[in-house]
1. Given the Cα-Cα distance of SER84 and CYS21 and 0.36 nm per residue of separation, how much length would full extension add, in nm?
2. What is the magnitude of the charge dipole of the chain about its Cα centre, with +1 placed on the Cβ of each Lys and Arg, -1 on the Cβ of each Asp and Glu, and no other charges, expressed in debye to the nearest 20?
3. Quick check on my link table: of LYS125/LYS175; LYS61/LYS188; LYS39/LYS192, which ones sit more than 22 Å apart, alpha carbon to alpha carbon?
4. Can you compute the helix-only [θ] at 222 nm over the chain? Use -39500 (n - 2.57) per DSSP H run of at least 4 residues, normalise by all residues, nearest 500 deg cm²/dmol.
5. Report, in cubic angstrom per residue, the convex hull volume of the C-alpha atoms of the chain.
6. If R0 is 22 Å, what FRET efficiency do you get for THR168 and ASP99 from their C-beta distance, rounded to 0.05?
7. If R0 is 35 Å, what FRET efficiency do you get for ASP32 and ASN59 from their C-beta distance, rounded to 0.05?
8. Kirkwood hydrodynamic radius for segment 72-149: how many Å is it when counted over pairs of different Cα atoms?
Amino acid sequence: IAHFILPLGDGHQIEKRQVTCPSVANINNYLDQVINNAKSEIPDPLSLPDKNDKVQLRNGKIEGLSTLYRSGDAKISCTGSAISLEVNLGARRLRGGYDWKKKILFVKLRGRVSAKVRSFSVYGKITLKLAPGAHPSIERFDITNFKRLTASVTGLGPIGWTISAIVTLLGRIFKRAVANALERPIRKALNKQLQKVNFPIP
């Protein structure tokens, strides 16, 4: 049970209340509803920004954000002023690609880099301040796992001696570009739904 104080009317009176922390089952259901509603707000496929980082990348897209889900039980902590939730999210079958172009010596190369991500997870911390009119909001949102990426590249032509280096380079740039691009739309959609879905305070 969390004890907290709410300011009333004129700011001088106070009211002491008790709030029982929500159950894990109720919070899991709450978060599942938030996530399911948020998925309709996240573009899928999502357009990726153009990049010029040793290789020019254009027309990027990634698919699979509609598979976003809660991974494991949420963790709940209650204090005298707030309820905090910690949750891990995952997504299945993320895949995408970029058109790429690079000049090596006198050779101009261009093609398509396509990639699949088999391990993707996000850590989120959500806080509800125990105050009148307050809504839950995302306090932390970190991509914690973006691994097991497999990339394939077209357009390499007759330059076998550079294939490995270019594939490695394109895979690394693709991974960084996608990780940076995913955070904002996912966080924005979740925050929007946190304002709408009723928080399960007992």
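1. Stretched out fully, the SER84 to CYS21 stretch lengthens by 21.7 nm.
2. That gives the chain a dipole magnitude of about 1240 debye.
3. Exceeds cut-off: LYS125/LYS175.
4. Value at 222 nm, helices only: -9000 deg cm²/dmol.
5. Here the figure is 122 Å³ per residue.
6. That gives a FRET efficiency of 0.75.
7. 0.55
8. Kirkwood radius, segment 72-149: 16.0 Å.
Every read-out reported here was derived from the displayed coordinates using simple, explicitly stated rules and does not represent laboratory data. Note that this is a predicted model, so its numbers are computed, not measured. Every residue, glycine as well, gets a Cβ built from its backbone with ideal geometry; the counts of neighbours run over all protein chains shown.
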